[in-house]
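Q: Quick one: the structure is below, and I'll ask about it shortly.
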Amino acid sequence: MKILITGGAGFIGSHVVRRFVSTYPNYQIVNLDKLTYAGNLENLLDVEQAPNYKFVKGDIVDAAFIHDLFEAEQFEAVIHLAAESHVDRSISNPIEFVMTNVVGTVNLLNAAKTSWKGSYDKKRFYHVSTDEVYGSLGEGSEMFTETTAYDPHSPYSASKASSDHFVRAYFDTYGMDCVISNCSNNYGSYHFPEKLIPLSIHNIKQNKAIPIYGKGENIRDWLWVEDHARAIDVIFHKAKTGTTYNIGGHNEWTNIDLIRTLCKVMDKKLGRAEGESEKLITYVTDRAGHDLRYAIDATKLKTDLGWEPSLQFEEGLEKTVDWYLENEKWLNNVTSGNYQHYYEEQYQNR
Ligand code: NAD
Ligand code: TYD
């Protein structure tokens, strides 16, 4: 089977590419990525020589390019992760989110529809989405299920909600084989240090302030990225057409409790006195429209397909810290911007 994975040079996409390339040697994996600031081919050094892997640089917003790629490659399936993914950036530049997340998704759906000529036997379009489309929960015990009404608040979540609706429209209107998953916040290796956990690890290491928005009371439900990649694998292979699954860790933390826990881990790993890293916590102006709480009910995925998270958060957090401390070169290349030269240096003259 030849699968197009979009956004495979990003955080979650690189884990999905690695999993598929190494687990399924009979599959041909084509990773299409624009290499925006969030795309980093150094996330994939361990699989880039694999015979069943190919990288293509390109923009999903470019309809003609996407159409030609589908014609040339004759994909049998798409796993679509390419997106603008950072809420803060969506607040300052919403249009980029509309272009990539909405227009880019529709371009891929159109190209798949044309290439598959309306016949979806042994074809699949898998759209990877977020729990943020459901909006915000109160502090009670309510959780997002697959039937929770969409109520996005940020430009990021509004663009992802829109893309989800387009995918469902292609299932309802054209009968395209589509599946969608909506996942909670991920953490783990290769996470770009603009998001809460990797940014905090980086800042603690550098003895820089850890910015906490508002009072730090917002709640997120954290899932280890490799558990997300495994869920995508299971859903891709086993879900019935037209199905949606929520994916989550049953692991809710207020931001401030999470960061205090991270500070303790960092003190231990860096040989600092207990309480040293916590002194870096700095409360800053809250994010506009900041959603209070996300929490996923992943019962359907467990009942239907047997998926459950494998890693306890404390263990996962320690593993993540260890990875960032052991992969100083990766982090330095990201913070210096060097990672953006990898494509020119390694690919352009091939
Ligand atoms: P990311 O920002 O780390 O990676 C996104 C990737 O998409 C990058 O490699 C980037 O270069 C690529 N890309 C962006 N615009 C593109 C375009 N126009 N054409 C081609 N490639 C383009 O994102 P991530 O955190 O890995 O998220 C991946 C997907 O998972 C997204 O769809 C996101 O909405 C979803 N998601 C993320 C989380 C999370 O916690 N990070 C949780 C649930 C769902
Ligand atoms: P983030 O990692 O940006 O993910 P998302 O906004 O998609 O949930 O943020 C996670 C939480 O941490 C969110 O409530 C915003 C908060 N946050 C901070 O308090 N400080 C920061 O510097 C960042 C980036 C996020």
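Laboratory data are not the source of any read-out in this text; all were calculated from the coordinates shown. Nothing here was measured: the structure is a model prediction, and the numbers come from that model. Note: ideal-geometry Cβ built from the backbone for every residue, glycine included; neighbour counts use all protein chains shown.
Q: Based on other C-beta atoms within 10 Å, arrange MET176, MET1 from fewest to most.
A: Listed from fewest to most nearby Cβ atoms, that is MET1, MET176.
Q: Over the Cα atoms of region 1-154, what radius of gyration and what Dmax do you get, in Å?
A: Rg then Dmax for region 1-154, in Å: 16.5, 51.
Q: Something else: Along region 85-92, what does the Karplus equation 6.51 cos²θ - 1.76 cosθ + 1.60 (θ = phi - 60°) give for ³J(HN,Hα), rounded to whole Hz, x for Gly and Pro?
A: 10, 9, 4, 4, 5, 5, 6, 8
Q: In square nanometres, what is one fourth of the surface area of the convex hull spanned by the alpha carbons of region 123-233?
A: If I average the Cα hull's projected area over directions, I get 8.8 nm².
Q: Suppose the chain between GLN206 and GLN49 were pulled fully straight at 0.36 nm per residue; how much longer would it get relative to their current alpha carbon spacing?
A: Gain on stretching GLN206 to GLN49: 53.1 nm.
Q: One-quarter of the Cα convex hull surface for region 23-93, in nm²?
A: 6.0
Q: Ok, one more. Once you place label points 7 Å from the Cα toward the Cβ at ARG168 and ALA64, how far apart are they in nm?
A: Between ARG168 and ALA64, the simple spin-label model gives 3.5 nm.
Q: Also: So what is the relative contact order for region 1-65, in percent, with contacts set as C-alpha pairs under 8 Å and at least six apart?
A: Once normalised by length, the contact order is 35 percent.
Q: Could you work out [θ]222 nm for the chain from helices alone, using -39500 (n - 2.57) per DSSP H run of at least four and dividing by all its residues? Round to the nearest 500 deg cm²/dmol.
A: -12000 deg cm²/dmol
Q: Over all directions, average the projected area of the Cα convex hull of the chain and note it in nm².
A: 16.9
Q: Below 21 Å, Cα to Cα, which lysines can LYS160 reach? Residues fewer than 8 away in the same chain don't count.
A: Within the straight-line limit of under 21 Å, LYS160 reaches these lysines: LYS34, LYS113, LYS195.
Q: If you filter region 234-293 for GluC sites (Glu not before Pro), then keep DSSP loop positions with at most 11 other Cβ within 10 Å, what is left?
A: Filter output for region 234-293: GLU274.
Q: Any chance you could run the full-extension gain for GLU276 through LEU305? It's 0.36 nm times the residue separation minus the Cα-Cα distance, nm to one decimal.
A: Working it through step by step, the gained length comes to 6.0 nm.
Q: Take the Cα atoms of region 157-200, find their three principal axes, and give me the spread along each one in whole Å, biggest first.
A: If we take the Cα atoms of region 157-200, the spans are 45, 20, 14 Å.
Q: Work out the FRET efficiency for LYS264 and GLU328 from their Cβ-Cβ distance, taking R0 = 25 Å, and round it to the nearest 0.05.
A: After rounding to 0.05, the efficiency reads 0.70.
Q: Can you pull the three principal axis extents for the Cα set of region 216-350, in Å, largest first?
A: For region 216-350, the Cα spread along each principal axis is 50, 50, 33 Å.
Q: To continue, here is another question. On each of the three principal axes of the Cα atoms of region 67-179, give max minus min coordinate, whole Å, ordered largest first.
A: 48, 30, 19
Q: I need the Kirkwood Rh of region 236-311: take the reciprocal of the average 1/r across all distinct C-alpha pairs and report it in angstrom.
A: 16.0
Q: If you take the beta carbon distance between ASN338 and ASP121 as r and set R0 to 45 Å, what does 1/(1 + (r/R0)^6) give as a FRET efficiency, to the nearest 0.05?
A: Efficiency, from the Cβ-Cβ distance: 0.50.
Q: Shifting gears a bit: Can you compute the modelled spin-label distance between ARG287 and TYR150, with each label point 7 Å from Cα toward Cβ, in nm?
A: Result: 2.0 nm between the two label points.
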